[in-house]
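Before any comments, here is the structure.
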């Protein structure tokens, strides 16, 4: 069991290590440049969230420059510099992470809108189509593959095609007996007729969410390189007259 004396020695050793780290800037790794920060925040993507991540990468790069300037400040000692850096990094990183959280909420709202749009696109324009579509699917299931292909081909361009398209595209292909390719084409046409962006937005939002997760990790990783949080906490405790 640790005695009070052991605890005091441990605190003193921790304080000594923190001061040593603050006084040894040569041991710090080089700070990341704009290109590396951009890679960490995934500002090279092609999704709709790239612009927001690029702005965050620019802001994080500005923070790096600010930290570099602080570390060259001749009017501050090593401990004062470490505390000033810790304050600046914490404030900026908190703001960037809050912005990432807001971006996540935007993505979630857009995902719900896409889901609602898809539901609307796959809904029948008239109530009677529910029953008629069921009859179409039952008839398709009774056909051979060749008969189904001929039937679908025969209805192309006719006034019955919209109903057939709904009957096939609004449910899994197993319920109509058509191939996955035919089902995908029918479903895609239903979505495009409702809103062409319904075909591209799901993939875009998936990429955007994944890139945002990369950006959050990149922000935290960069922050850890800019400041030794343990050393800063110990130095702050010492500055406030509470070295333990």
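Quick note: the coordinates plus some simple rules give every number you see, no bench work behind them. Since the model is a prediction, treat every value here as computed from it, not as a measurement. Using ideal geometry, Cβ is built from the backbone for each residue, glycine included, and neighbour counts are taken over all protein chains shown.
Looking at the stretch 164-177, which of the residues that are more than 12 Å from residue 139 (Cβ to Cβ) and in contact (Cβ under 8 Å) with a residue 24 or more places away in the chain is surrounded by the most Cβ atoms within 10 Å (Cβ to Cβ)?
Selected residue: 166.
Could you say which residue among 51, 135 is within 30 Å of residue 152 (Cα to Cα), loosely packed, with under 13 Cβ neighbours inside 10 Å and out of contact with any helix residue (DSSP H, G or I) (no Cβ under 6 Å at 6 or more places or on another chain)?
Among 51, 135, only 135 is within 30 Å of residue 152 (Cα to Cα), loosely packed, with under 13 Cβ neighbours inside 10 Å and out of contact with any helix residue (DSSP H, G or I) (no Cβ under 6 Å at 6 or more places or on another chain).
Condition first: part of a helix (DSSP H, G or I) and closer than 30 Å to residue 80 by Cβ. Now tell me which residues in the stretch 191-228 satisfy that.
218, 219, 220, 221, 222, 223, 224, 225, 226
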